[in-house]
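Enquirer: Let me give you the structure first, and then I'll get to my questions.
Please treat every number below as a calculation from the coordinates, not as lab data. Small disclaimer: the values here were computed from a predicted structure and weren't measured. Positions of Cβ are backbone-derived with ideal geometry, glycine not excepted, and every protein chain shown enters the neighbour counts.
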Amino acid sequence: MDAITLLTFFVLSVFVGFEVVSKVSSTLHTPLMSGANAIHGIILVGAVIVAGQAESIPVLVVALIAVLLATVNLVGGFVVTDRMLEMFGGRTPAAKVREESK
Amino acid sequence: MIVLSPEWTAVLYLVAAVCFILALKGLSSPKSARRGNLIGAFGALLAMVVVFLSTELDNMLLILGVIALGTVIAVPASRMVKMTQMPQLVALFNGVGGGAAALVALLELPLVADELGAVIAVAFTVLVGAVSFSGSAITFAKLQELMPTRPIVFPGAPIVISLVALGSLASAVWLVLTADPTAAYVLLALGTALGVLVVLPVGGADVPIVISLLNAFTGLTVAASGLVLGNTLLLVAGTLVGASGTILTRAMASAMGRSVTGTLFGAFRGGSTAG
């Protein structure tokens, strides 16, 4: 792909990235950080490509380490974000009940 | 195994990228946050299926085995961690992501040595990925109380940090000009040292802001890896995280009444939280 197309992708993505989180409420800062953290675990795609095209043992070993690290980032990231939000969702009704009982 | 044509691959990568945008959008509002996260996970799963069906890959069983191993490590760690320990787990995940990006770039270097743009992207990824890796490791250690959470400042620290930063820049230039793997290893080592030195003076209360900043950094390294590999999904997903992470870092800092630079370098001016 030519450089101008990649630059276009990059610049447009910057604006989308700015825009989608511009109205985040402060209670969601940590889950959003965790969710964004999970998304960059997609480097696993790159690690798999490099491991699949490795032509020597040392390259393969380093690439497999990258696959392992990226998997932990990707899978763990989404699971831990879900757990944060699970507690988040569970706490809101409880808080409502407390307010109503006052 | 090549099952998907390049056109289908591109279309499905686009679907995955849209999933990531919807995920970030969903995570910005309490009502849609959980669904947003699931959409993101679906996008990631789709992207993984696509890479296996669109690329000629050797060592397939080994790769799948290592992915299974990573999943077996990550799921129980995320499921069993205490609520109060979640921030340091996120820091840890962020660090390994940055490390993975740096390793991918390092391995791609010999294949792209004659393309200047790609070598610049490799230099960026190795340096920033290494900073993110070691910086996140220090934030993890601080939050886990493996080391003191107060700012750690030693005599001459600003000078040492400046020297290491200059050395990193010099070896990045050396790498860009020569595409020499030795330069990449030096850059990796200096970047790792820089990450440690920059995060040590940060006070405990400011650590979450720094994790968010390093998270944005890792996003940018993934985007740069996308440039090196010519993979649009990595480019778009990484840039999204880099951009949204930057906004989020500023929002977190202002919610705590801090500035991002004050967070990082406040200890040298006596303005850091004692944490």
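Enquirer: Report, in degrees rounded to the nearest 10, the 0 to 90 angle that the Cα long axis of helix B:181-199 makes with the longest principal axis of chain B.
Expert: 50 degrees
Enquirer: In the range B:1-89, with Lys and Arg counted as +1 and Asp and Glu as -1 at Cβ, which of these residues, B:66, B:1, B:81, has the Cα nearest the positive end of the dipole, that is, farthest along it?
Expert: So the residue furthest toward the plus end is B:81.
Enquirer: A follow-up question, please. Gain in length, residue B:261 to residue B:115, computed as 0.36 nm per residue apart minus the alpha-carbon separation, to one decimal in nm?
Expert: Length gained between residue B:261 and residue B:115: 49.1 nm.
Enquirer: So, one more: Can you bin every Cα-Cα distance in the protein assembly as shown into 20 Å intervals starting at zero and give me the percent of pairs per bin, rounded to whole numbers?
Expert: Histogramming the protein assembly as shown at 20 Å steps yields 31, 59, 10, 0 percent.
Enquirer: For chain B, what is the charge dipole size about the Cα centre, in debye to the nearest 20, if Lys and Arg each add +1 at the Cβ and Asp and Glu each add -1 at the Cβ?
Expert: About 1340 debye.
Enquirer: Would you calculate, for chain B, the mean residue ellipticity at 222 nm contributed by helices, counting each DSSP H stretch of 4 or more residues as -39,500 (n - 2.57) and dividing by all residues, to the nearest 500?
Expert: About -27000 deg cm²/dmol.
Enquirer: Of all the C-alpha pairs in chain B, what % are more than 32 Å from each other?
Expert: The calculated P(r) of chain B puts 27 percent of pairs beyond 32 Å.
Enquirer: On to the next question. By how many nm would the segment from residue B:49 to residue B:146 grow when fully extended, if each residue of separation counts as 0.36 nm and the alpha-carbon distance is taken off?
Expert: 31.0 nm
Enquirer: Sticking with this structure for a sec: Over the whole of B:37-47, what's the average partner chain Cβ count within 10 Å per residue? Rounded to a whole number, please.
Expert: 5
Enquirer: Using only the Cα atoms of the range A:7-75, what semi-axes does the equivalent ellipsoid have when each is the square root of 5 times a gyration tensor eigenvalue? Give whole Å, largest first.
Expert: So the three semi-axes of the range A:7-75 are 32, 17, 6 Å.
Enquirer: Sticking with this one: If packing is taken as the mean number of other Cβ atoms within 10 Å per residue, what is the order of B:148-157, B:244-253, highest first?
Expert: B:244-253, B:148-157
Enquirer: Right, next: Angle, helix A:43-52 long axis vs. longest principal axis of chain A, Cα atoms, 0 to 90°, nearest 10?
Expert: For A:43-52 against chain A, the angle is about 30 degrees.
Enquirer: Which distance in nm do the two modelled labels at residue B:196 and residue B:166 give, with both placed 7 Å along the Cα-to-Cβ direction?
Expert: Each label point is offset 7 Å from its Cα along the Cβ direction, giving 2.1 nm.
Enquirer: Compute the acute angle (0 to 90°) between the alpha-carbon long axis of helix B:6-27 and the principal axis of greatest extent of the alpha-carbon atoms of chain B; round to the nearest 10°.
Expert: With both axes taken from Cα atoms, the answer is about 40 degrees.
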